[in-house]
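What follows is a single structure, written as structure tokens, with notes after it.
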Amino acid sequence: MKLIEQPPLLYRLLFPEAIWRIKRRTGRPVVFLTFDDGPIPEETPWVLDVLDRYGVKATFFMVGDNVRRNPDLLQEVIRRGHSVGNHTMHHLQGMKVRAHRYLRDVAEAAALIPSPLFRPPHGLIRWKQAKALKERFNIIMYDLVTRDYSKKLTGDQVFENVRRFARDGSIIVFHDSLKASANMRYALPKAIEWLKEQGYEFQAIPME
């Protein structure tokens, strides 16, 4: 098992207040596609069109500063029936800043993003930050990181990460960002098709 693609149990246990995987008894295995770091006009509309084409609902964890610049994209994501979540205002990594600055940044993004869902950038957060945020948000981590952002991986390798690590209840991370564009655009349709072939149902994470 790789440490990035599928976080080990020990790391998950450090943050028991976070949600890493969602298992539901629907009679079919379920996965939750998520997209981090948008919305941006270069990538998010393309992702939305792909999801529409396959009849898939997903969850978008948005950087507040991107929402500020592209408020129409936030509304378009919601209009098409997807969930949205807070990914901080400036994509701050919690381990590198003090709690008061981090929480202020999250609050700034919350003023623009109408959601009780929160995901820390890079999946890194201090315990004190997580404890404070749990009072207001459902902290959504992940069960599978595709690593579409990595320049060391090809699109095929990103797709292989999905095939290797996806399981019932997986929260899967892609990125609607420029950095991930080439790998994401190659791997996302293939991943959706493969998951459908395996009998998976796709759901957005509820905003409740």
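Could you tell me which of the residues 205, 172, 192, 139 is among the hydrophobic types (A, V, I, L, M, F, W, C) and in a loop (DSSP other than H, G, I, E, B)?
205
Filter segment 175-189 for residues that are among the aliphatic types (A, V, I, L, M) and part of a helix (DSSP H, G or I); which is surrounded by the most Cβ atoms within 10 Å (Cβ to Cβ)?
Checking each candidate, the answer is 188.
Tally up the residues in segment 42-70 that are among the charged types (D, E, K, R) and in a helix (DSSP H, G or I), please.
Count: 6.
What residue, of 73, 92, 112, 103, is over 22 Å from residue 185 (Cβ atoms) and not in a loop (DSSP other than H, G, I, E, B)?
Checking each option against the conditions leaves just 103.
Within segment 4-40, can you find the residues that are touching a helix residue (DSSP H, G or I) at 6+ places or on another chain (Cβ under 8 Å) and either more than 25 Å from residue 90 (Cα to Cα) or free of Cβ contacts under 8 Å to residues at least 12 places away in the same chain (or both)?
Scanning segment 4-40 gives 6, 31.
Kindly check whether there is at least one residue in segment 71-85 that is touching a helix residue (DSSP H, G or I) at 6+ places or on another chain (Cβ under 8 Å), closer than 20 Å to residue 167 by Cβ and at pLDDT 95 or above.
Looking through segment 71-85, none of the residues is touching a helix residue (DSSP H, G or I) at 6+ places or on another chain (Cβ under 8 Å), closer than 20 Å to residue 167 by Cβ and at pLDDT 95 or above.
Taking the stated definitions as given, is residue 159 in a strand (DSSP E or B), touching a residue at least 24 places away in the same chain (Cβ under 8 Å) and surrounded by 16 or more Cβ atoms within 10 Å (Cβ to Cβ)?
no
How about segment 28-45: which of its residues are open to solvent by 70 Å² or more (accessible area, probe 1.4 Å), over 19 Å from residue 112 (Cα atoms) and at pLDDT 95 or above?
Within segment 28-45, just 42 meets the criteria.
Could you please find all residues in segment 128-156 being within 20 Å of residue 200 (Cα to Cα) and free of Cβ contacts under 8 Å to residues at least 12 places away in the same chain?
Answer for segment 128-156, where residues must be within 20 Å of residue 200 (Cα to Cα) and free of Cβ contacts under 8 Å to residues at least 12 places away in the same chain: there is none.
Considering (1) open to solvent by 80 Å² or more (accessible area, probe 1.4 Å); (2) free of Cβ contacts under 8 Å to residues at least 24 places away in the same chain, say which one residue 97 fails and leave the rest.
(1)
Among 12, 25, which is open to solvent by 20 Å² or more (accessible area, probe 1.4 Å) and under 30 Å from residue 132 (Cβ atoms)?
After ruling out the rest, the residue left standing is 12.
Would you please list the contacts, defined by Cβ atoms under 7 Å and residues six or more apart or on different chains, that run from a residue in segment 41-69 that is more than 23 Å from residue 206 (Cβ to Cβ) and among the charged types (D, E, K, R) to a residue that is outside any helix (DSSP H, G or I) and open to solvent by 10 Å² or more (accessible area, probe 1.4 Å)?
Cβ pairs passing all conditions: 42/178; 43/177; 43/178; 65/90; 68/112.
The values are calculated or read from the model by the stated rules, or taken from the named source; none is laboratory data. These numbers come from a predicted model, not from an experiment. Ideal geometry is used to build each Cβ from the backbone, glycine not excepted, and the neighbour counts take in all protein chains shown. These accessible areas exclude ligands, DNA and RNA; they are computed on the full protein's heavy atoms, side chains included. Shrake-Rupley method; radii C 1.70, N 1.55, O 1.52, S 1.80 Å.
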